[in-house]
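The values are calculated or read from the model by the stated rules, or taken from the named source; none is laboratory data. Note that the structure is a prediction, hence the values are computed from the model and not measured. Every residue, glycine as well, gets a Cβ built from its backbone with ideal geometry; the counts of neighbours run over all protein chains shown. The accessibility values were calculated without ligands, DNA or RNA, using every heavy atom of the protein model including side chains. Shrake-Rupley method; radii C 1.70, N 1.55, O 1.52, S 1.80 Å.
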Amino acid sequence: MGELPLDINIQEPRWDQSTFLGRARHFFTVTDPRNLLVSGAQLEASRNIVQNYRAGVVTPGITEDQLWRAKYVYDSAFHPDTGEKVVLIGRMSAQVPMNMTITGCMLTFYRQTPTVVFWQWVNQSFNAIVNYSNRSGDTPITVRQLGTAYVSATTGAVATALGLKSLTKHLPPLVGRFVPFAAVAAANCINIPLMRQRELQVGIPVADEAGQRLGYSVTAAKQGIFQVVISRICMAIPAMAIPPLIMDTLEKKDFLKVGDLGLDSGDVNWPVLFYCSSIHMSKLEPELRAQIHEQNPSVEVVYYNKGL
């Protein structure tokens, strides 16, 4: 076997993203929970393989399959902009087991106030870690900003859950089952913008199709954060809006009276991971448009990492 060629584009997913099967294979690979079991030494080895290849240096004896494996292991544990290693539960590979467990508990223990408060706090604590770990750009955020975002989101989620819970006391039980979903949706509207407020102040990096950074845009940051908020709410629908209907039907038929956790938490919550997004030049700030036009007049669309 000869040395691996340098023309493999590991900046993009391995599979064709214009097809459903290609997108599914990519996202299942990125979120594979087995990546949580990869050792620190293996992570460093994968990082070295990827960074060396991008720099034009091929690791001796490596095959194309091994290169792609290293790329996905690297992507699963390191931030795409800062390059820093993401804390374990903030990684893409942790999304399925963590969301599955937390969602199941929120849907199961929604009747008593203490359990509502506890699981909403757990959920927002997890979300705060995920939002910070998968933020867009490399702009630092202060401890004070992190604390404000965390307290605000947690308070908002708990207040929403308790408020709705009190309003549904005299309504059919089915309505009460939707309280966790409403609280999560409200908290996402608070947590994500606050956790990423620095991006709204200084902007996020935008680049051309080749990945060349062109500047920072607040407009792109607003668009990206809005997309993330909407996608997070939509992501919660299969796991938090559909099971209550199923559970209510089963209980009415005396099929299930206790032990909701098994069914609720079995609804696997695969996150939507469309990291890369685009924006037309006409929507950018006038100063940035002028700067980009001066550098490269042919650019019509710029790209950015919108975060998770």
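With a 1.4 Å probe and every protein chain left in place, tell me how much accessible area Ile190 has, in Å² to the nearest 10.
Here the accessible area works out near 50 Å².
Please state the shape class of the range 1-115: rounded when a/c is under 1.5, otherwise prolate if a/b exceeds b/c and oblate if not, all from the C-alpha gyration tensor.
In terms of gyration-tensor shape, prolate.
Over the range 1-115, what relative contact order in percent results from Cα pairs under 8 Å that are six or more residues apart?
Reported as a whole number, the value is 29 percent.
For Thr19, what accessible area in Å² do you get when you roll a 1.4 Å probe over the heavy atoms of the protein chains, rounding to the nearest 10?
About 60 Å², ignoring ligands and nucleic acids.
Could you tell me which of Leu171, Val96, Asn127 has its Cα farthest along the dipole of the chain towards the positive end, charges placed at Cβ (Lys, Arg +1; Asp, Glu -1), taken about the Cα centre?
So the residue furthest toward the plus end is Leu171.
Mind checking which of Ser39, Ser93, Ser278 has the largest fluctuation in a GNM of the chain, springs on alpha carbons under 10 Å?
Among Ser39, Ser93, Ser278, the largest GNM mean-square fluctuation belongs to Ser39.
Given a 1.4 angstrom probe, I'd like the percentage of the accessible area of the chain that is carbon and sulfur, rounded to a whole number.
C and S atoms contribute 62 percent here.
Name the trypsin sites (Lys or Arg not before Pro) in the range 125-202 that are in a loop by DSSP and that have at most 10 other C-beta atoms within 10 Å, would you?
Answer by residue number: Lys169.
Within the chain, which is the longest segment containing none of the GluC sites (Glu not before Pro) that sit in a DSSP loop and have at most 15 other Cβ atoms within 10 Å?
It works out to 85-208.
Helix 218-240: angle to the longest alpha-carbon principal axis of the chain, degrees 0 to 90, nearest 10?
Once rounded, one gets 40 degrees.
Give the accessible area for Cys234 in Å² (nearest 10); use a 1.4 Å probe, count only protein heavy atoms, and leave out ligands, DNA and RNA.
So the heavy atoms of Cys234 present about 70 Å² to solvent.
Could you tell me which of rounded, prolate or oblate describes the range 65-172, using a ≥ b ≥ c as the square roots of the eigenvalues of the alpha-carbon gyration tensor, with rounded for a/c under 1.5 and, failing that, prolate when a/b is larger than b/c and oblate otherwise?
The shape class here is oblate.
Taking the Cα centre of the chain as origin, work out the dipole magnitude from +1 charges on Lys and Arg Cβ and -1 charges on Asp and Glu Cβ, in debye rounded to 20.
Result for the chain is approximately 1060 debye, rounded to the nearest 20.
Working with all protein chains in place, sort His79, His170, His293 by solvent-accessible area computed with a 1.4 Å probe, largest first.
His170, His293, His79
Largest first, how would Val228, Val143 line up by accessible area (1.4 Å probe)?
From most accessible down to least: Val143, Val228.
Averaging sequence separations of C-alpha pairs under 8 Å and six or more residues apart, then dividing by the length of the chain, give the relative contact order as a whole percent.
Contact order relative to length: 18 percent.
Heavy-atom accessible area per residue, the chain, 1.4 Å probe: how many Å²?
So the chain comes to 50 Å² accessible per residue, rounded to a whole number.
Would you mind checking Lys169/Lys222; Lys165/Lys306; Lys85/Lys306 for any pair whose Cα atoms are more than 26 angstrom apart?
In this structure, Lys169/Lys222; Lys165/Lys306 lie more than 26 Å apart at Cα.
In whole Hz, with x marking every Gly and Pro, tabulate ³J(HN,Hα) for the range 38-51 from phi via Karplus 6.51 cos²θ - 1.76 cosθ + 1.60, θ = phi - 60°.
Along the range 38-51, the couplings run 5, 6, x, 5, 5, 5, 5, 5, 5, 4, 5, 4, 5, 5 Hz.
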